[in-house]
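Participant: One structure follows; several queries about it will come next.
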Amino acid sequence: MSDPVKIQFVGSGDAFGSGGRLQACIHIAASGGNILLDCGCSSLIGLRQCNLAVDQIDTVIISHLHGDHFGGIPFLLLAGKYLSQRTRPLTIIGPKGLQAQVEAALDALYPGTLNDGVDFPLTWLELTPEQSLQHGSMEIRAWQMCHGGSDRALGLQVTVDGKRIAYTGDTEWTENMLPLAAGVDLMICECFQYDQPIPSHLDYMTLQANRSKLDCRQIVLTHAGDEMLQHQDDLEFPLAYDGFSLEL
């Protein structure tokens, strides 16, 4: 019997630090390596607080190109080059344009520091909605979500060690959440609002009303705004906090 897959919420907050929570970053520990789902700007802080080694991250998978979801990658690369002298390969996977966005962020934050590249193997892979990507022993699929009118906001489904994990990224309710959730052991849903639907984000009442459509074993909520945090005692599903973990 294989070891369980461990999921830990390194950062469970929104872009605004609501409730003092760090930005989106979810760590998956599996036999095939250490994976991050999203890597917001505060991710290195969260990894250290969770006693997770930054230079042991093997794969980063990004849902969409907003800073609270990808903005930690420049710091991850800098730490690998200048702090740990990393040699371990790193693969970064995400929507079209991710590499250019990261490089632009690096140039704005630390001009010229990585002009000579990094000293470890670095691979960039693009996700195409509704197609499967095989990376080592892991299978990744993506579906287009509904977030800010972007055609590059993705919901992610990762299969590793026989467990299937879905992650909505940021999105309002969309029927694409149905295939994203189909047959998964865990669905991680952003839930910014409680009962006030707004464009681009899920609210708890809409999610609860559609729960029966989602063919998933369990749901964990994340990316809560202030209104959601005020209703923590009213929730049917667990609301992740920084450091929250579970095993599959």
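Participant: Would you tally the residues in segment 147-182 being of a type in the set (Gly, Ala, Ser), at positive phi and in contact with a strand residue (DSSP E or B) (Cβ under 6 Å, 6 or more places away or on another chain)? Before the answer, list the steps.
Facilitator: Our first condition is that a residue be of a type in the set (Gly, Ala, Ser); within segment 147-182, this holds for 148-150, 153, 155, 162, 166, 169, 181-182.
Pick out the ones that are also at positive phi and you get 148-149, 162, 169.
Filter again for in contact with a strand residue (DSSP E or B) (Cβ under 6 Å, 6 or more places away or on another chain), leaving 169.
Going through segment 147-182 one residue at a time, the tally reaches 1.
Participant: Can you confirm whether Cys39 is in contact with a Gly (Cβ under 9 Å, 6 or more places away or on another chain), over 21 Å from Gly117 (Cβ atoms) and not basic (Lys, Arg)? It would help to see each step written out before you state the result.
Facilitator: Details: in contact with a Gly (Cβ under 9 Å, 6 or more places away or on another chain): yes; over 21 Å from Gly117 (Cβ atoms): no; not basic (Lys, Arg): yes.
In short, no.
Participant: Output the helices (runs of 4 or more DSSP H) that fall wholly within segment 54-136 and possess 3 or more residues being under 21 Å from Leu154 (Cα atoms) and out of contact with any Lys or Arg (no Cβ under 6 Å at 6 or more places or on another chain), or say none.
Facilitator: Numbers: elements: 67-70, 73-78, 98-109.
Counting at least 3 such residues, we get 67-70, 98-109.
Participant: Among the residues of segment 175-195, count how many are touching a helix residue (DSSP H, G or I) at 6+ places or on another chain (Cβ under 9 Å) and surrounded by 16 or more Cβ atoms within 10 Å (Cβ to Cβ). Talk me through it step by step, then tell me what you get.
Facilitator: Applying the first criterion (touching a helix residue (DSSP H, G or I) at 6+ places or on another chain (Cβ under 9 Å)) to segment 175-195 yields 175, 177-178, 181, 187, 189, 191-195.
Those still in the list that are surrounded by 16 or more Cβ atoms within 10 Å (Cβ to Cβ) too: 177, 181, 187, 189, 191-194.
Selection size over segment 175-195: 8.
Participant: Is it fair to say Asp161 is surrounded by fewer than 19 Cβ atoms within 10 Å (Cβ to Cβ), farther than 19 Å from Gly94 by Cβ and under 20 Å from the mean Cα position of the chain (by Cα)?
Facilitator: For Asp161, the condition - surrounded by fewer than 19 Cβ atoms within 10 Å (Cβ to Cβ), farther than 19 Å from Gly94 by Cβ and under 20 Å from the mean Cα position of the chain (by Cα) - is met.
Participant: Report whether or not Val158 is touching a helix residue (DSSP H, G or I) at 6+ places or on another chain (Cβ under 6 Å) and in contact (Cβ under 8 Å) with a residue 40 or more places away in the chain. Break it down into steps so the answer makes sense when it comes.
Facilitator: On the way: touching a helix residue (DSSP H, G or I) at 6+ places or on another chain (Cβ under 6 Å): no; in contact (Cβ under 8 Å) with a residue 40 or more places away in the chain: yes.
Taking the combined requirement at face value, the residue does not satisfy it.
Participant: Taking Asp14, is it over 11 Å from the mean Cα position of the chain (by Cα) and within 17 Å of Leu239 (Cβ to Cβ)?
Facilitator: Values: over 11 Å from the mean Cα position of the chain (by Cα): yes; within 17 Å of Leu239 (Cβ to Cβ): yes.
When the stated conditions are applied, Asp14 passes them.
Participant: Can you tell which of Glu247, Glu172, Glu236 is acidic (Asp, Glu) and under 30 Å from Gly97 (Cβ atoms)? Steps first, please.
Facilitator: Details: Glu247 fails: under 30 Å from Gly97 (Cβ atoms); Glu236 fails: under 30 Å from Gly97 (Cβ atoms).
Step by step, each of Glu247, Glu172, Glu236 is checked, and only Glu172 is acidic (Asp, Glu) and under 30 Å from Gly97 (Cβ atoms).
Participant: Condition first: touching an Asp or Glu at 6+ places or on another chain (Cβ under 6 Å) and of a type outside the set (Gly, Ala, Ser). Can you find one or more residues in segment 125-132 that meet it?
Facilitator: No, segment 125-132 has no match at all.
Participant: Looking for something surrounded by fewer than 21 Cβ atoms within 10 Å (Cβ to Cβ), touching a Lys or Arg at 6+ places or on another chain (Cβ under 9 Å), without any contact (Cβ under 8 Å) to a residue 24 or more places away in the chain and not small (Gly, Ala, Ser) - is there at least one such residue anywhere in segment 196-212?
Facilitator: Within segment 196-212 (the criterion being surrounded by fewer than 21 Cβ atoms within 10 Å (Cβ to Cβ), touching a Lys or Arg at 6+ places or on another chain (Cβ under 9 Å), without any contact (Cβ under 8 Å) to a residue 24 or more places away in the chain and not small (Gly, Ala, Ser)), the answer is no, since none of the residues qualifies.
Participant: Would you call Gln56 surrounded by fewer than 21 Cβ atoms within 10 Å (Cβ to Cβ), under 17 Å from Gly32 (Cα atoms), touching a strand residue (DSSP E or B) at 6+ places or on another chain (Cβ under 8 Å) and not β-branched (Val, Ile, Thr)? Break it down into steps so the answer makes sense when it comes.
Facilitator: Numbers: surrounded by fewer than 21 Cβ atoms within 10 Å (Cβ to Cβ): yes; under 17 Å from Gly32 (Cα atoms): yes; touching a strand residue (DSSP E or B) at 6+ places or on another chain (Cβ under 8 Å): yes; not β-branched (Val, Ile, Thr): yes.
So Gln56 passes the test.
Participant: Cβ contacts < 6 Å: first residue hydrophobic (A, V, I, L, M, F, W, C), restricted to segment 220-240; second residue at pLDDT below 95, any location; separation 6+ or different chain. Result?
Facilitator: Close Cβ pairs (under 6 Å, with a partner that is at pLDDT below 95) amount to Leu239/Gln232.
One line per residue, one yes/no per condition, for (1) modelled with pLDDT of 95 or more; (2) basic (Lys, Arg); (3) surrounded by 15 or more Cβ atoms within 10 Å (Cβ to Cβ):
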| site | (1), (2), (3) |
| --- | --- |
| Leu76 | yes, no, yes |
| Thr91 | yes, no, yes |
| Pro95 | yes, no, yes |
| Gln99 | yes, no, yes |
| Ala104 | yes, no, no |
| Leu122 | yes, no, yes |
| Gln131 | no, no, no |
| Leu156 | yes, no, yes |
| Gly169 | yes, no, yes |
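Participant: Now for a separate question. How many residues are touching an Asp or Glu at 6+ places or on another chain (Cβ under 6 Å), buried (at least 21 other Cβ atoms within 10 Å of the Cβ) and in a strand (DSSP E or B) when one looks only at segment 12-45? Step through it out loud before you land on a result.
Facilitator: Start the filter on segment 12-45 by keeping residues that are touching an Asp or Glu at 6+ places or on another chain (Cβ under 6 Å), which leaves 12, 15, 18, 21-25, 30-31, 33-34, 40.
Checking which are buried (at least 21 other Cβ atoms within 10 Å of the Cβ) leaves us with 12, 21-25, 30, 40.
Filter once more, so that each one left must be in a strand (DSSP E or B): 25, 30.
So the answer is 2.
The values are calculated or read from the model by the stated rules, or taken from the named source; none is laboratory data. All of these numbers come straight from a predicted model, not from anything done at the bench. So basically every Cβ, Gly included, is an ideal-geometry build from the backbone, and we count neighbours across all protein chains shown.
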